[in-house]
Amino acid sequence: TWSAPVTVAHPLRLSADETARIERGEIVVRGAMYTSGEGKRAGAGKTLCVVKASPERAYAVLEDYAKVPEYLPRVSRVSILERQGELLRVRQEIKVLFKTIGYGLRLQFSRAQRSMSWSLDPAQPSDLRDTTGTWSFLPYG
């Protein structure tokens with residue numbers, strides 16, 4: 001058995017500039033560099049946008065994870081390896097410039113929170129050192 005982290009979605013506080021950009025249909029990216037606990041430089045980011053669908057409908061699209069390459073152009077392949085309720089293990093490939101990067105992910109879906117958290121699956125070979133994150137679908141407006 002295996003598990004993935006669960007992240008609770010919190011309401012976002014947008015600046016006046018971010019609100020204006022979101023209202024114009026722009027994608028807002030927040031990023032920061034930091035030093036990891038191992039003393040290495042790393043980055044963290046958050047991307048915000050309005051999806052023209054209810055949070056429930058947007059979440060349902062993401063929940064059908066095998067179809068991610070249909071709407072995320074850099075993702076070239078997703079293979080579902082294991083499914084246990086809301087836990088999913090996948091093998092994923094992305095295209096970056098002229099190279100394909102492969103890695104495994106552990107996905108934790110939460111229908112109640114309309115969110116999905118991911119972390120690198122250490123049981124699989126990976127071209128990445130680490131990746132973690134969350135997709136959250138919140139009402140806006």
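The values are calculated or read from the model by the stated rules, or taken from the named source; none is laboratory data. Quantities reported herein were computed from a predicted structural model and do not represent experimental measurements. Every residue, glycine as well, gets a Cβ built from its backbone with ideal geometry; the counts of neighbours run over all protein chains shown. Only protein heavy atoms, including side chains, enter the accessible area calculation; ligands, DNA and RNA are left aside. Shrake-Rupley method; radii C 1.70, N 1.55, O 1.52, S 1.80 Å.
The residues in region 104-122 that are free of Cβ contacts under 8 Å to residues at least 60 places away in the same chain and part of a strand (DSSP E or B) can be counted, and the count is 5.
Restricting attention to region 86-100, the residues being of a type in the set (S, T, N, Q) and open to solvent by less than 20 Å² (accessible area, probe 1.4 Å) number 1. Each residue in region 33-77 was checked for being at pLDDT below 85, among the polar types (S, T, N, Q) and within 16 Å of residue 136 (Cβ to Cβ), and 1 pass.
Condition check ((1) free of Cβ contacts under 8 Å to residues at least 12 places away in the same chain; (2) open to solvent by less than 50 Å² (accessible area, probe 1.4 Å); (3) out of contact with any Leu (no Cβ under 6 Å at 6 or more places or on another chain); (4) not in a loop (DSSP other than H, G, I, E, B)) across all residues:
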residue: 102; (1), (2), (3), (4): no, yes, yes, yes
residue: 124; (1), (2), (3), (4): no, yes, yes, no
residue: 129; (1), (2), (3), (4): yes, no, yes, no
residue: 134; (1), (2), (3), (4): no, no, yes, yes
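Within region 35-47, one or more residues are open to solvent by 90 Å² or more (accessible area, probe 1.4 Å), more than 30 Å from residue 14 (Cα to Cα) and over 16 Å from the mean Cα position of the chain (by Cα). Once region 48-85 is narrowed to residues that are within 15 Å of the chain's Cα centre (by Cα) and over 30 Å from residue 23 (Cα atoms), the residue that is most open to solvent (accessible area, probe 1.4 Å) is 66.
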